[in-house]
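Accompanying notes for the structure given below.
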């Protein structure tokens with residue numbers, strides 16, 4: 001199946017799935033007569049290491065961040081949640097004339113190779129004094145895309161125009177784990193219950209996708225050629241950041 005015909009249908013299905021997860025998380029936030037709801041969120045920096053076939057194609061790692069939220073009933077070690085992430089795995093910047101008719105004005109041309117991820121997860125998280133180890137099972141997608149933008153040479157580097165050169169989507173699934181280490185508990189009554197240092201890792205297997213990498217765009221005599229790579233998209237993610245428990 002053509003990847004670009006498949007992508008809109010796939011993204012639509014995943015958007016509906018993530019929407020359903022949001023509804024479930026909202027439902028869990030409604031207290032019942034028999035149990036209270038435990039919720040937490042985290043913001044983490046992410047290092048992405050390509051693995052297997054993906055590592056054969058890429059000689060760089062990704063860097064970015066992620067946001068996650070989960071909820072479950074107090075007293076139960078099970079949580080359901082969602083995680084959204086973004087990483088850049090390739091970056092190029094060059095200086096070019098604004099046009100062939102205005103060669104005395106130059107601009108910066110920036111190309112980024114990126115991957116956005118969205119996953120639902122089921123978490124097992126027992127509660128121990130001072131820490132919360134956890135294990136996740138994840139299912140979602142990876143969206144790989146390459147964008148080029150033109151920026152002014154001024155200090156603020158205002159963006160002039162942006163274009164997506166190439167993109168594709170892959171199924172993504174895997175497992176992960178980590179530990180939340182208690183840092184402090186705010187004293188204010190309306191503040192979050194606890195703040196944690198969140199250290200974790202995920203291994204995300206991915207279906208085949210087509211993508212560009214650093215150096216994949218060739219420019220010759222006013223024309224552009226893409227050297228497209230294709231492989232599975234397995235990645236190991238190393239993450240650290242802060243988590244808040246409500």
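The values are calculated or read from the model by the stated rules, or taken from the named source; none is laboratory data. Computed from a predicted model, the values in this text were never measured in an experiment. Using ideal geometry, Cβ is built from the backbone for each residue, glycine included, and neighbour counts are taken over all protein chains shown.
Structure notes:
- Restricting the stretch 228-246 to residues that are part of a loop (DSSP other than H, G, I, E, B) and modelled with pLDDT of 95 or more, the residue that is surrounded by the fewest Cβ atoms within 10 Å (Cβ to Cβ): 228
Residue-by-condition table, conditions (1) free of Cβ contacts under 8 Å to residues at least 40 places away in the same chain; (2) part of a strand (DSSP E or B); (3) within 16 Å of the chain's Cα centre (by Cα); (4) under 25 Å from residue 183 (Cβ atoms):
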site	(1), (2), (3), (4)
44	no, yes, yes, yes
59	yes, no, no, no
79	no, yes, no, yes
82	no, yes, yes, yes
142	no, yes, yes, no
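- Of residues in the stretch 119-130 being exposed (fewer than 13 other Cβ atoms within 10 Å of the Cβ) and touching a strand residue (DSSP E or B) at 6+ places or on another chain (Cβ under 8 Å), the one modelled with the lowest pLDDT: 130
- Considering residues of the stretch 61-77 that are under 25 Å from residue 233 (Cα atoms) and part of a strand (DSSP E or B) only, the residue farthest from the chain's Cα centre (by Cα): 69
- Any hit, the stretch 149-171, residues being touching a strand residue (DSSP E or B) at 6+ places or on another chain (Cβ under 9 Å), modelled with pLDDT under 95, within 28 Å of residue 242 (Cα to Cα) and not in a strand (DSSP E or B): no
- The stretch 121-135: number of residues that are assigned to a strand (DSSP E or B) and over 16 Å from the mean Cα position of the chain (by Cα): 9
- Residues of the stretch 84-118 satisfying the condition of being surrounded by 19 or more Cβ atoms within 10 Å (Cβ to Cβ), closer than 17 Å to residue 45 by Cβ and within 10 Å of the chain's Cα centre (by Cα): 85, 87, 114, 115, 117
- Positions within the stretch 190-220 being part of a loop (DSSP other than H, G, I, E, B) and buried (at least 17 other Cβ atoms within 10 Å of the Cβ), in sequence order: 212, 213, 216
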